[in-house]
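Accompanying notes for the structure given below.
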Amino acid sequence: MASDKRKASRHTEIERKFAVSEDTVSPSFQGLSAVGRVDRLEPAHLDAVYYDTPGQDLAAHRVTLRRRTGGTDAGWHLKLPAGADARTEVRLPLSEGDAVPDELRDVVLALVRDRDLAPVARISTTRNVDLLFAQDGTPLAEFCDDHVTASAVGGEEQFWREWELELAEGADPALLERLANRLFDAGAEPAGHGSKLAKVLSATAPRRPPLPEDPVHRAVAEQFAELLEWDRAVRADAWDAVHQMRVITRKIRSLVKGSEESFGLSGDAWVLEELKLLAGVLGVARDAEVLAEKYEKALDELPPELVRGPVRQRLIDGAKRRYAAGHKRSLAAMRSERYFRLLDALDELATAEPATTAGGEEPKQATVASAYRKVRKYTKAAREAQASTELSAEEKDEALHRIRKGAKRLRYTAAATGAAEVADRSKAIQSLLGDHQDSVVSRRHLSSEATAAHVAGEDTFTYGLLFAHEDAVARAAEEQLDGVLKQLAKAVEKSG
């Protein structure tokens with residue numbers, strides 16, 4: 001792979017494509033109140049080579065990767081779905097040779113993994129462009145009249161004409177509809193493809209399998225699709241991305257583990273262990289990110305005279321450094337062959353129909369009733385732990401944390417099977433005890449940092465204030481727990 005150290009740029013493009021015949025007359029945008037001026041550019045000749053894996057994994061996820069020459073935006077372009085009519089385009093300048101730059105490959109590494117990226121099509125376009133401006137000269141949109149010559153590798157040439165409308169950055173999205181109507185009036189029709197490449201590869205493009213009918217299997221397939229999207233966000237170091245990817249990882253594990261037999265797995269299955277390890281790796285950065293935000297908010301709310309010593313440097317800057325290290329470690333794991341094999345296994349689980357037992361019976365699957373029994377079991381154990389004089393505070397906290405884990409598994413099962421109220425009540429318990437667990441982690445960290453500050457001769461007063469606040473959060477959660485557990489019991493009873 002080729003590496004280009006020049007930083008990639010990201011752009012959001014909002015556009016539509018239209019099918020037209022060779023004799024369709026180009027539209028006029030004069031008379032539209034929003035358009036003050038139209039500039040016609042010199043015709044451009046664009047040549048692009050498109051890349052994908054042998055199984056067209058990018059095309060299967062509506063992603064395109066090309067190396068374009070000619071025109072004003074020559075370079076490497078990676079286009080990712082970003083909602084209706086929108087795509088995120090990641091660009092890099094042209095590099096020597098035709099090997100895909102590492103920076104772009106890494107963005108879609110969860111899709112391509114360790115498979116080769118090679119040319120799959122070539123598309124040449126003669127483009128006539130009209131630039132549309134508002135009355136005050138602000139750019140509005142770009143209208144492209146394209147004559148296309150294209151072929152898949154080893155395939156016959158195809159010829160067609162199409163129009164594109166792309167909004168300028170910051171333009172009102174509603175303008176796209178008004179401009180599109182002008183194109184329809186000129187005889188255009190909506191294009192039957194999302195990209196030129198999709199049209200070229202339509203005969204050979206892989207068909208994504210339909211979602212499984214079984215609700216738990218369907219939920220796993222949907223969560224895996226989300227995991228692939230959060231993977232890209234983590235690689236871009238988007239805010240909260242590590243946290244969300246960790247949540248999805250644990251959700252998939254919970255759903256699969258609750259219905260192991262249905263997925264043809266055992267309790268010690270490799271894929272379950274790998275999901276647990278991945279969540280653990282992501283957890284390092286997630287915990288640091290949570291602590292940095294928590295301490296920044298808490299210190300900002302304190303009167304300045306109560307923030308003593310270099311407490312911000314220790315708590316906030318230190319957490320941000322740990323986040324950076326944790327994020328780097330997460331990326332290393334997400335670029336490993338081990339991670340690729342986990343994704344391969346999840347691909348199979350996401351498309352699998354429920355397995356049958358050796359005797360041909362229906363496999364056991366998680367139900368609301370079975371998941372709720374676990375919550376009741378953990379609740380009873382936690383109450384006994386709280387009443388014990390022999391258990392440590394850490395052991396009592398862990399007993400409460402097990403209720404949260406059980407509630408989380410119940411929530412995912414309830415959501416997958418349509419028990420919405422049970423899912424909502426379970427989420428309330430999960431959130432409440434999540435705050436409790438975060439306070440446990442925070443208090444441990446505060447104690448450690450206060451000790452280090454004391455050894456360094458620093459004022460530890462502020463650490464004590466923060467510790468007391470975290471302790472109050474934990475006590476409040478414990479006081480509210482019985483109430484939310486009773487609400488959950490009622491919701492489970494109503495669900496039948």
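Report yes if Leu201 is at pLDDT 90 or above, open to solvent by less than 30 Å² (accessible area, probe 1.4 Å) and either under 32 Å from the mean Cα position of the chain (by Cα) or under 23 Å from Thr53 (Cα atoms) (or both), otherwise no. No: the conditions fail for Leu201. Taken together, the residues in segment 270-308 that are of a type in the set (Lys, Arg), buried (at least 18 other Cβ atoms within 10 Å of the Cβ) and more than 21 Å from the chain's Cα centre (by Cα) amount to 1. Does any residue of segment 345-359 turn out to be at pLDDT 90 or above, open to solvent by 40 Å² or more (accessible area, probe 1.4 Å) and part of a loop (DSSP other than H, G, I, E, B)? No. Exactly one residue among Val455, Val441 is free of Cβ contacts under 8 Å to residues at least 12 places away in the same chain, β-branched (Val, Ile, Thr), open to solvent by 40 Å² or more (accessible area, probe 1.4 Å) and out of contact with any Lys or Arg (no Cβ under 6 Å at 6 or more places or on another chain), and that residue is Val455. May I ask you to list the residues in segment 373-387 that are open to solvent by less than 60 Å² (accessible area, probe 1.4 Å), without any contact (Cβ under 8 Å) to a residue 40 or more places away in the chain and of a type outside the set (Phe, Trp, Tyr)? Those that are open to solvent by less than 60 Å² (accessible area, probe 1.4 Å), without any contact (Cβ under 8 Å) to a residue 40 or more places away in the chain and of a type outside the set (Phe, Trp, Tyr): Ala381, Ala382, Ala385. Filtering segment 172-183 to residues that are among the hydrophobic types (A, V, I, L, M, F, W, C) and without any contact (Cβ under 8 Å) to a residue 40 or more places away in the chain leaves only Ala174.
Trp239 meets the conditions (1) among the aromatic types (Phe, Trp, Tyr); (2) in a helix (DSSP H, G or I); (3) over 30 Å from Ala152 (Cβ atoms) in every case but one. The failed one is (2). Being within 27 Å of Glu305 (Cα to Cα) and touching a Leu at 6+ places or on another chain (Cβ under 6 Å), is that true of even one residue in segment 459-466? Scanning segment 459-466, I find at least one residue that is within 27 Å of Glu305 (Cα to Cα) and touching a Leu at 6+ places or on another chain (Cβ under 6 Å), so the answer is yes.
Results for (1) in a helix (DSSP H, G or I); (2) open to solvent by less than 60 Å² (accessible area, probe 1.4 Å); (3) outside the structural domain of Leu109 (by the TED database); (4) more than 19 Å from Leu272 (Cβ to Cβ), shown as yes or no for each residue.
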position	(1), (2), (3), (4)
Ala371	yes, yes, yes, no
Thr389	no, no, yes, yes
Glu394	yes, no, yes, yes
Leu410	yes, yes, yes, no
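In a residue-by-residue description of segment 207-214, the property of being over 29 Å from the mean Cα position of the chain (by Cα) and in contact (Cβ under 8 Å) with a residue 12 or more places away in the chain applies to no position.
Looking only at residues that are surrounded by 15 or more Cβ atoms within 10 Å (Cβ to Cβ) and not aliphatic (A, V, I, L, M) in segment 309-319, which one is nearest to Trp239 (Cα to Cα)? Within segment 309-319, the match that is nearest to Trp239 (Cα to Cα) is Gly318. Within this structure, Leu465 fails the test of being outside the structural domain of Ala219 (by the TED database), buried (at least 20 other Cβ atoms within 10 Å of the Cβ) and either hydrophobic (A, V, I, L, M, F, W, C) or over 16 Å from Ala292 (Cα atoms) (or both). Any idea which of Glu261, Glu289, Glu296, Glu273 is within 17 Å of Arg341 (Cβ to Cβ) and of a type in the set (D, E, K, R)? The match here is Glu273.
Considering only segment 479-496, state which residues are closer than 28 Å to Ala298 by Cβ and open to solvent by less than 60 Å² (accessible area, probe 1.4 Å). Passing the criteria: Leu481, Gly483, Val484.
Scanning segment 308-344 for residues that are small (Gly, Ala, Ser), in a helix (DSSP H, G or I) and in contact (Cβ under 8 Å) with a residue 40 or more places away in the chain gives Gly318, Ala325, Gly326, Ser330, Ala333. For segment 150-198, which positions are part of a loop (DSSP other than H, G, I, E, B) and more than 21 Å from Tyr51 (Cβ to Cβ)? Across segment 150-198, the qualifying residues are Ala168, Glu169, Gly170, Ala171, Asp172, Pro173, Ala186, Gly187, Ala188, Ala191, Gly192.
The set of residues in segment 261-304 being free of Cβ contacts under 8 Å to residues at least 24 places away in the same chain and part of a loop (DSSP other than H, G, I, E, B) consists of Leu265, Ser266, Gly267, Asp268, Ala269, Pro303. Applying the set (1) modelled with pLDDT under 95; (2) in contact with a Gly (Cβ under 7 Å, 6 or more places away or on another chain); (3) over 26 Å from His217 (Cβ atoms) to Ala285 leaves exactly one unmet item: (1).
Within segment 159-198, the set of residues being among the acidic types (Asp, Glu) and open to solvent by 20 Å² or more (accessible area, probe 1.4 Å) comprises Glu166, Glu169, Asp172, Glu177, Asp185, Glu189. Condition check for Pro363 on (1) outside any helix (DSSP H, G or I); (2) touching a Phe, Trp or Tyr at 6+ places or on another chain (Cβ under 7 Å): one failure, at (2).
Residue under question is Asp145, and the condition is that it be out of contact with any Asp or Glu (no Cβ under 7 Å at 6 or more places or on another chain), among the acidic types (Asp, Glu) and open to solvent by less than 60 Å² (accessible area, probe 1.4 Å); does it hold? So Asp145 passes the test. Report whether or not Ala82 is at pLDDT below 95 and open to solvent by 20 Å² or more (accessible area, probe 1.4 Å). Taking the combined requirement at face value, the residue satisfies it.
The values are calculated or read from the model by the stated rules, or taken from the named source; none is laboratory data. These figures come from a predicted structure and were not determined experimentally. As a convention, Cβ positions derive from the backbone with ideal geometry for all residues, glycine included, and neighbour counts pool all protein chains shown. These accessible areas exclude ligands, DNA and RNA; they are computed on the full protein's heavy atoms, side chains included. Shrake-Rupley method; radii C 1.70, N 1.55, O 1.52, S 1.80 Å.
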